[in-house]
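Q: One structure follows; several queries about it will come next.
The values are calculated or read from the model by the stated rules, or taken from the named source; none is laboratory data. Only a predicted model underlies this, so the values are computations on that prediction, with no experimental measurement involved. Here Cβ is always computed from backbone atoms with ideal geometry, including for glycine, and neighbour counts include all displayed protein chains. Note: areas computed on protein heavy atoms with side chains; ligands, DNA, RNA excluded. Shrake-Rupley method; radii C 1.70, N 1.55, O 1.52, S 1.80 Å.
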Amino acid sequence: MKRLQRLTLFCLALTLLLGLPLAASAVNRLTEGPTHWSQARRDSSGLAPKPEETPEAVVQVYAGRAWSWRGIFGVHTWFAVKPPNASEYTRLEVMGWQLRYGSTAVRVRNGTPDGYWFGSEPELLAEVRGTEAEILIPRILAAAESYPHADAYRIWPGPNSNTFTAHIARQVPELSLDLPPTAIGKDFIPEGGLVAKAPSGTGFQVSLLGLVGVMLAVEEGIELNVLGLTLGVDVMKPALKLPGIGRIGFPN
């Protein structure tokens with residue numbers, strides 16, 4: 001009987017830990033003004049250095065809240081790279097709707113590196129410049145080509161845009177990329193794997209199809225994945241990681 005009571009209390013506590021942050025996130029999204037996706041902002045947020053003023057190579061990683069109700073739960077992430085003296089940035093991302101018109105969800109083309117994601121202001125997750133960025137860009141492009149789920153897309157639990165970003169991060173650990181807890185799909189290990197390096201390359205994770213798992217890493221800290229939702233603690237830069245809300249504490 002006591003064992004059943006403990007299990008009941010544990011399930012209740014876990015439900016509250018997952019549900020309350022999501023409820024707060026939902027309230028925040030519902031208070032935003034309704035806008036049709038075709039009218040939502042996609043222009044530059046001003047976070048990326050202008051190519052004409054920046055001859056050095058640049059690598060950046062961004063996250064922006066997903067459109068509509070999806071934004072309650074998570075973000076869309078992407079890469080933007082600019083080789084030395086290039087006049088434009090190249091964006092690398094996965095977009096599920098592309099599968100309706102072609103055989104791949106991977107999109108690699110010139111575009112606005114730091115644009116609003118359908119009205120949501122992007123967050124800069126990582127940046128590398130100069131000689132190091134010049135070395136990393138070919139490896140990032142090669143990692144994008146090697147993504148094993150280019151012909152598949154699932155919003156939940158993956159593979160999706162965040163699975164793609166995590167895949168590149170694992171191939172290029174020099175980025176030390178700590179994806180936000182709202183990047184649902186980052187814990188989906190490609191090709192059905194159970195164990196992999198953390199996206200930052202500073203630890204390891206175990207995950208069952210992105211549905212349940214745990215991550216231990218210097219950069220990410222301790223993360224528990226429950227049904228694609230992340231609960232965690234960043235030890236090095238003290239912060240809580242909550243589903244829907246994201247990171248609360250010291251900036252990453």
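Q: For the chain, which longest stretch is free of loop sites, where a loop site is one of the chymotrypsin sites (Phe, Trp or Tyr not before Pro) that DSSP puts outside H, G, I, E and B and that has at most 12 other Cβ atoms within 10 Å? Mind showing how you got there, number by number?
A: Working: sites that count: Trp69, Tyr101.
Longest site-free region, per DSSP loop and neighbour criteria: 102-252.
Q: Angle check, please: helix 130-145 long axis (alpha carbons) against the longest principal axis of the chain (alpha carbons), in degrees 0 to 90, nearest 10.
A: 70
Q: Among the aspartates and glutamates, which have Cα under 13 Å from the Cα of Lys237 when same-chain residues fewer than 8 positions away are ignored?
A: Asp178, Glu219, Glu220
Q: Run the dipole for the chain about the Cα centre, Lys and Arg Cβ at +1, Asp and Glu Cβ at -1, nothing else charged, and hand back the magnitude in debye, nearest 20.
A: 1000
Q: Moving on. Does anyone have the angle between helix 2-30 and the longest principal axis of the chain? Alpha-carbon axes, 0 to 90°, nearest 10?
A: That helix lies at roughly 40 degrees to the long axis.
Q: Just report the Cα centroid separation between the range 190-252 and the range 48-119, whole Å.
A: Taking the Cα centre of the range 48-119 as reference, the centre of the range 190-252 is 23 Å away.
Q: Same structure, new question: Given C-alpha coordinates of the chain, what is the ratio Rg to Rh with the Kirkwood estimate of Rh?
A: 0.98
Q: So, one more: Any idea what angle helix 161-171 forms with the longest principal axis of the chain, computed on alpha-carbon atoms, 0 to 90 degrees, nearest 10?
A: Around 70 degrees separate the two axes.
Q: Tell me, what % of the accessible area of the range 169-234 is carbon and sulfur with a 1.4 angstrom probe? Numbers along the way, then the final one.
A: Details: 1760 of 2430 Å².
In the range 169-234, the share of accessible area belonging to carbon and sulfur is 72 percent.
Q: Also, quick follow-up: Taking a temperature of 37 °C and a viscosity of 0.692 mPa s, what whole-number D in µm²/s does Stokes-Einstein yield for the range 56-199 with Rh from Kirkwood over alpha carbon pairs?
A: Rounded to a whole number, D works out at 217 µm²/s.
Q: If you don't mind, there's one more thing I want to ask. Pick out which of Leu229, Leu47, Leu179 has the largest mean-square fluctuation in a Gaussian network model of the chain, springs linking Cα atoms closer than 10 Å.
A: Ranking Leu229, Leu47, Leu179 by mean-square fluctuation puts Leu47 first.
Q: I've got another one for you. Over the chain, with the other protein chains present, what is the accessible area per residue in square angstrom, probe 1.4 angstrom? Don't skip to the end; give the middle numbers.
A: On the way: 12760 Å² over 252 residues.
Roughly 51 Å² per residue, with all protein chains present.
Q: Sticking with this structure for a sec: Work out the P(r) tail for the range 145-252: percent of alpha carbon pairs separated by more than 20 Å, whole number.
A: Pairs farther apart than 20 Å: 29 percent.
Q: Any chance you could get the radius of gyration and Dmax over the Cα atoms of the range 49-113, in Å?
A: 13.9, 40
Q: Run the helix sum for the chain: -39,500 (n - 2.57) per DSSP H stretch of 4+ residues, divided by residue count, reported at 222 nm to the nearest 500 deg cm²/dmol.
A: Dividing the helical sum by the residues of the chain leaves -8000 deg cm²/dmol.
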